[in-house]
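See below for the structure under consideration.
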Amino acid sequence: MDNSFLQNPRLFEYFVLVLVLALLFGLTFLSKSLQKFRDFLGLGLIIVPVGYFYIILSAHVINVPYEDDYNLLETIYNLKNGSGFTNTAKILFEQVNQHRFAFERIVMLIMVFFTGTVDIKLQVMLGNLFMLGILYLFFLTFKKEKVSWYYFIPVPYILFNLVYFENAIWGIAAIQNTPLLFFAMLTVYFIGKPDKRSWIFAVLAAIVTMFISGSGMLTWIIGGVILLFQKRYKLLAQWIGIAIVFILFYFLFDYQFVSTGHGKVWEHPIFNLIFIFGFWGNALYLDIPHPLTPVFYKDMVLCVFLGMGIFAVFLGWITRMFLNKNMPWTNWFLLGAFMFLMGTGAMFIVSRPSGNFLMYGGNIFSRRYMIFGVVLLAIAYVGLILIVKNYKNISLSVFVLSLVGCLALNFVSYFYSIRSVREQHEKLSLDAYYWKNYNTLLSVGFNYGDKPFWNHPTKMKNLINNLEKQGLLHLYETDKLPPANRLIQETEKVDEYAPKLNIQLSIRNNDDNMPIRYIKFETKKRMHPKPAYFVLVSDQYTNLLPAIPVPNSLSDFLKKRTYYGEKYSYSFYKRKVPKGKFDIWILSGGEKDSGKWESRYTREKIFIF
């Protein structure tokens, strides 16, 4: 099933299934004969987006580390080979930037204990399961507030999509940001309940949260604010005491303060106010190029307006709390969830203030941060429904409009981002080839030869060798190709040529706003056999670049009812390949039998200088 959904994600079938379920669900309110199917259809609308999300992840994620994953793997190796309580504690709580990733390391140690190795794909899938926990907390909120569960239907379409695909498919991000949000929300869920047992669970959840990410310390502040408003002064004093102990440990045990090197928020207050609204509304940030040019990008403008809308709902929620004499735990839960997500956005802005308009684009957001905007949008939707729940016509209108908007958000995220997920899969699949032949990785860095640990000459090599010896890494096993110096010789189809390519050379700004030569290879239609890789061959190098199918345009997608078209392409900055004169080959095959690769010369050359 996995490889099948990799080659064809069945996006059209997913869209049709959801739309048919939504249409039939709506008809159950108009037709008495269909009314008996309402619960079944509503449940289907909830389950389908969740199931499709995990199917897509399972199909595209492979057991190959990416960037900071190697840092975690290094600490797991050190923990296995270290000795002494103090030394083990230093490794477990080792600082990475401003964070201590104790939770992430414990998850990986548990994985090693049960499986004997670190499986990045398993790690990714486990991390994403925490989104189910977030979904369940929202469901409990609807249940407690006695709101029809039908109003819950938009929530999974907000939470389970590819807006935050980088977080969803990256090993360290999957077991960091998603559990961070879950345990932060679990903290405020328990702190809102009036009993002492729930308070104890809140303390435990807050401790876990702060050792997932540095921003997790916000839970102590938020929990203290909630206890203060609840007038639970004795528990508040205990809460503050425990918080002080753990925060002192955080900053005094083998810790160095890291300067961000950025400016100050108050130097450009208007720009940074717009920036924070954009972060809160980043669920609308499209997976399209955003070069640093003086143009207002429509999706980023919409992010700002959505952020303003979320802030308005937050103010409405506070107003509801002041007007509501009965204060169930749901009031405190959503207040705390709002505060944590919005506070995280504020911390992001403080650490990297902006000196220009957010809407100009560029390297403003990392895609893994979109998960904060997505969950915040879900919180805002739940809060808005609860605010208007006593006004039937208004709540119904909010539900219908939200469902339409959430379906659109869900569909657009998959349509734009599945290819990006596929590209990451293909680049990681080549990392072993590049490492074995050239001691570099295709997936990491901007320049050819880049590798993790800031291009240290020996650290990465020693780490991979050590991890391989102890069975913690199986990078070499993912390379199914002949060695670089024999690749063409062993696979060449003599006297057979591949069709010539469309080669586009252009100038494109990189993330540092520097104009760099940008190259794109694209095949012609209906090329047979299907290309697996573009191969650049010179006297010194045989570099492979993945041939990734090009998605159909929206009109062709609807006409042909399939996501991928018949062309294959790959785009890259010229710095990602070495300098030289290269012959361009096409490598095909390898899908069923890794020994049956076939290479064909395109009779074209390219000069990289």
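The values are calculated or read from the model by the stated rules, or taken from the named source; none is laboratory data. Bear in mind that the values here come from a model prediction, so they are computed numbers and not experimental data. All Cβ positions, glycine included, derive from the backbone under ideal geometry; neighbour counts span all protein chains shown. Calculation scope for accessible area: heavy atoms of the full protein, side chains included, ligands and nucleic acids excluded. Shrake-Rupley method; radii C 1.70, N 1.55, O 1.52, S 1.80 Å.
Residues in region 301-328 that are among the hydrophobic types (A, V, I, L, M, F, W, C) and over 20 Å from residue 343 (Cβ atoms): 6 in all. Got a number for residues in region 201-237 being closer than 21 Å to residue 72 by Cα, outside any helix (DSSP H, G or I) and of a type in the set (S, T, N, Q)? Of the residues in region 201-237, 1 are closer than 21 Å to residue 72 by Cα, outside any helix (DSSP H, G or I) and of a type in the set (S, T, N, Q).
On inspection, residue 249 fails the criterion of being at pLDDT 95 or above and assigned to a helix (DSSP H, G or I). Considering 8, 3, 63, the condition of being open to solvent by 20 Å² or more (accessible area, probe 1.4 Å) and within 30 Å of residue 216 (Cα to Cα) is satisfied by 63 alone. Condition check for residue 357 on (1) within 19 Å of residue 288 (Cβ to Cβ); (2) modelled with pLDDT of 80 or more; (3) open to solvent by 10 Å² or more (accessible area, probe 1.4 Å): one failure, at (2).
Residues in region 446-489 that are open to solvent by 30 Å² or more (accessible area, probe 1.4 Å), without any contact (Cβ under 8 Å) to a residue 40 or more places away in the chain and either touching a Ser or Thr at 6+ places or on another chain (Cβ under 6 Å) or not basic (Lys, Arg) (or both): 451, 454, 455, 456, 457, 458, 462, 465, 468, 489. Report yes if some residue within region 262-285 is surrounded by fewer than 17 Cβ atoms within 10 Å (Cβ to Cβ), of a type in the set (Phe, Trp, Tyr) and at pLDDT 90 or above; otherwise report no. No, region 262-285 has no match at all. For region 32-54, the criterion of a residue being open to solvent by 20 Å² or more (accessible area, probe 1.4 Å), aliphatic (A, V, I, L, M) and within 30 Å of residue 477 (Cβ to Cβ) is satisfied by no position. Listed conditions (1) open to solvent by less than 10 Å² (accessible area, probe 1.4 Å); (2) at pLDDT below 95 are all met by residue 194, apart from (1).
Against the definition (at pLDDT 90 or above, in a helix (DSSP H, G or I) and touching a Leu at 6+ places or on another chain (Cβ under 7 Å)), how does residue 13 come out, yes or no? Even if it seems obvious, please write down each step before you answer.
On the way: at pLDDT 90 or above: yes; in a helix (DSSP H, G or I): yes; touching a Leu at 6+ places or on another chain (Cβ under 7 Å): no.
Answer is no for this residue.
Within region 118-162, the set of residues being of a type in the set (Ser, Thr, Tyr) and loosely packed, with under 15 Cβ neighbours inside 10 Å comprises 136, 148.
Would you say residue 339 is open to solvent by 50 Å² or more (accessible area, probe 1.4 Å), of a type in the set (A, V, I, L, M, F, W, C) and either closer than 23 Å to residue 135 by Cβ or at pLDDT 90 or above (or both)?
Working: open to solvent by 50 Å² or more (accessible area, probe 1.4 Å): yes; of a type in the set (A, V, I, L, M, F, W, C): yes; either closer than 23 Å to residue 135 by Cβ or at pLDDT 90 or above (or both): yes.
Yes: the conditions hold for residue 339.
When region 568-581 is filtered for residues that are more than 23 Å from the chain's Cα centre (by Cα) and modelled with pLDDT under 95, the ones remaining, listed by number, are 573, 574, 575, 576, 577, 578, 579, 580. Taken over region 505-557, the criterion of being open to solvent by 60 Å² or more (accessible area, probe 1.4 Å) and under 25 Å from residue 601 (Cβ atoms) is satisfied by 505, 517, 524, 525, 526, 528, 530, 539, 540. Might you check whether a residue that is open to solvent by 10 Å² or more (accessible area, probe 1.4 Å), farther than 19 Å from residue 70 by Cβ and in contact with an Asp or Glu (Cβ under 9 Å, 6 or more places away or on another chain) occurs anywhere in region 165-181? Yes; the residues of region 165-181 include at least one that is open to solvent by 10 Å² or more (accessible area, probe 1.4 Å), farther than 19 Å from residue 70 by Cβ and in contact with an Asp or Glu (Cβ under 9 Å, 6 or more places away or on another chain). Among the residues of region 378-402, those identified as open to solvent by less than 30 Å² (accessible area, probe 1.4 Å), of a type outside the set (Ser, Thr, Tyr) and either within 28 Å of residue 276 (Cβ to Cβ) or at pLDDT below 95 (or both) are 378, 379, 380, 382, 383, 385, 386, 388, 398.
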